[in-house]
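Each remark here refers to the structure printed beneath this line.
The values are calculated or read from the model by the stated rules, or taken from the named source; none is laboratory data. Bear in mind that the values here come from a model prediction, so they are computed numbers and not experimental data. Positions of Cβ are generated from backbone atoms using ideal geometry, with glycine treated the same way; all protein chains shown enter the neighbour counts. SASA here: full protein model, heavy atoms, side chains in, ligands and nucleic acids out. Shrake-Rupley method; radii C 1.70, N 1.55, O 1.52, S 1.80 Å.
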Amino acid sequence: MSNVFLIPRTIISGNDALEKSGSYLKKCGNKAFIVTDNMMVTIGNVQKLVNVLDKQEIGYELFAEINSEPTDQMVYQGVKTYKETKCDFLIAIGGGSPIDTMKAIGAMLTNPGTLADYMGKEIATLPPALIAIPTTAGTGSEATQFTIISDTQTEVKMLLKGAPLLPAIAIVDPELTLTSPPNVTAATGIDALTHAIEAYTSQKSQPMSDTFAVSAVKRVFKNLLKAYKNGKDIDARKEMSVAALEAGIAFNNSSVTIVHGMSRPIGAIFHVPHGLSNAMLLSECLKFALAGSPERFCDLAKATGIYENNMSDLQGGQAFITEVEKLCAQLQVSTPEQFGVDKKKYFDQLDKMAEDALKSGSPQNTIRNVGKEDIINIYKALWK
Ligand SMILES: NC(=O)c1ccc[n+]([C@@H]2O[C@H](COP(=O)([O-])OP(=O)(O)OC[C@H]3O[C@@H](n4cnc5c(N)ncnc54)[C@H](O)[C@@H]3O)[C@@H](O)[C@H]2O)c1
Ligand SMILES: [Fe+2]
């Protein structure tokens, strides 16, 4: 069997990556449409980008309308403003929310129909150049062909896909992540870890994605807690920004699996941030998947130094999952109850959540067969 491997054309990474990106941005167009949120304006990250654009005499329009995880309505507003302001390429600066919004705006500029039309289909036509500048070390969206947009009518987090959505340039500058608060650092770091574990244990894994996945798991284990405890630890931040990028590259070329499939409905209905809903599900989902391939989970125990001599693959895999649970506990991950999810609504919605999870296609990539009953049982187990 052959494999395809896609990454952004240019990746600029390291402490002064944004400052050094000017000549690359100059080649993308004359007027940038900057997609971001108000926090990025307040903390000065947008100004750092504007300084680079000014130096290169690149014009810009600021679209700072992303105030939560992206919806179809934010995207359509962005398309309208882009056209009115005559921009010719797009830059997203922020977490996964602005980056995903940028990709969807780009897609809707060159592809016909609505976003919902592309569920389960490939977005085929190239948008104007997309430049991604992540400020969380988490989603890896800077290196993926995916965008996740909530349909405001159906309350479904739509997973949309297509190689044209892969950013042309990813600018991965850890200095931009130094201000990320501990709860965001924890949730986004667990998102990156989840991408890497899922990519490695997916039915669609391939040797090239394995390399990036294992490397990302190792970096997260060594650095996430440090970045959480001391946000100003630039070395830990740098390692986490590389880990998130690696994990993005890994799942872009493999896939995510049951955790992400089940996480999106929780996010869509109860507005739990993406990384946190992954974290809530991680232990139960991994315990379920373990039986599908103890060897793959044991590989991760070996890579992270958790494996001890004479352990069977199953014991090694279990030890790895126990370490993941410990890390989540140290990062003070909330349960649905602690987050304030309405228990009655949650149980009333179980059937829809399971249906939506399966419809996304992600659970089917799990190394063990997953049925609707399995999904419902795991959702229930979060309230033990
Ligand atoms: N496209 C993909 O491949 C992919 C993969 C995983 C997740 N996602 C999507 O990404 C979205 C979540 O992105 P996210 O987890 O990065 O969160 P986010 O972009 O929603 O940001 C979370 C919060 O952190 C703040 N923030 C971000 N960076 C900061 C910084 N440096 N300093 C201070 N505050 C900062 C933001 O302003 C926001 O309030 C979800 O919609 C999820 O579905 C996409
Ligand atoms: Fe994710």
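Residue 254 contributes about 20 Å² of solvent-accessible surface, heavy atoms of the protein only, 1.4 Å probe.
Surface composition of the chain: carbon plus sulfur atoms hold 50% of the accessible area, using a 1.4 angstrom probe and ignoring ligands, DNA and RNA.
Listed values for region 46-58 are Karplus-derived 3J(HN,Hα) couplings in whole Hz (6.51 cos²θ - 1.76 cosθ + 1.60, θ = phi - 60°), namely 5, 4, 4, 5, 4, 4, 5, 5, 4, 4, 8, 6, 9, and x replaces Gly and Pro. Here the Karplus curve 6.51 cos²θ - 1.76 cosθ + 1.60, taken at θ = phi - 60°, turns the phi angles of region 320-335 into couplings of 4, 5, 4, 5, 4, 4, 4, 4, 4, 5, 5, 8, 6, 5, 7, 7 Hz, with x standing for Gly and Pro. Straightening the chain between residue 67 and residue 369 buys 105.0 nm, computed as 0.36 nm per residue apart minus the Cα-Cα spacing.
Considering region 182-381 at the alpha-carbon level, its Rg and Dmax are found to be 15.9, 47 Å. Accessible surface for residue 328 stands near 20 Å², nearest 10, in the context of the full protein assembly shown (1.4 Å probe). Counted over region 10-177, the DSSP beta bridges are approximately 20% antiparallel. Among rounded, prolate and oblate, which fits region 98-177 when a ≥ b ≥ c are the square roots of the eigenvalues of its C-alpha gyration tensor, a/c under 1.5 means rounded, and a/b larger than b/c means prolate? Note, shape of region 98-177 comes out oblate.
Of all lysines in the structure, the ones whose alpha carbon falls short of 19 Å from that of residue 344, not counting any fewer than 8 places away in one chain, are 352, 380, 384. In the elastic network of the chain, a GNM with C-alpha springs shorter than 10 Å, the most mobile of 363, 112, 182 is 112.
For a straight C-alpha distance cut-off of 22 angstrom, the lysines reachable from residue 55 (same-chain residues fewer than eight places away being disregarded) are 20, 26, 27, 31, 86.
Based on Cα contacts under 8 Å between residues 6+ apart, the chain shows a relative contact order of 15 percent. Computed on protein heavy atoms with a 1.4 Å probe, the accessible areas place 335, 144, 188 in the order 335, 188, 144, largest first. Compare 161, 121, 218 in a GNM of the chain, Cα atoms joined below 10 Å, and give the one with the largest fluctuation. In this elastic network of the chain, the residue with the biggest mean-square fluctuation among 161, 121, 218 is 121.
Average projection, convex hull of the Cα set of the chain: 17.7 square nanometres.
Using θ = phi - 60° and the Karplus form 6.51 cos²θ - 1.76 cosθ + 1.60, what ³J(HN,Hα) does each residue of region 158-173 get, whole Hz, x for Gly and Pro? Result, rounded to whole Hz: 7, 9, 10, 8, x, 3, x, 7, 5, x, 5, 10, 10, 10, 10, 10.
Expressed in units of 2.2 N^0.38 Å, where N is the residue count, the Cα radius of gyration of region 37-168 is 0.99. Seen from residue 213, the other residues with C-beta closer than 13 Å to its C-beta sum to a net charge of 0, counting Lys and Arg as +1 and Asp and Glu as -1. Taking 347, 89, 270 in turn, the Gaussian network model of the chain (Cα-Cα springs below 10 Å) assigns the largest fluctuation to 347.
Computed on the Cα trace of region 253-339, the radius of gyration divided by the Kirkwood hydrodynamic radius gives Rg/Rh = 1.02. Accessible surface area normalised per residue over region 305-384 is 56 Å², counting heavy atoms of protein chains with a 1.4 Å rolling probe.
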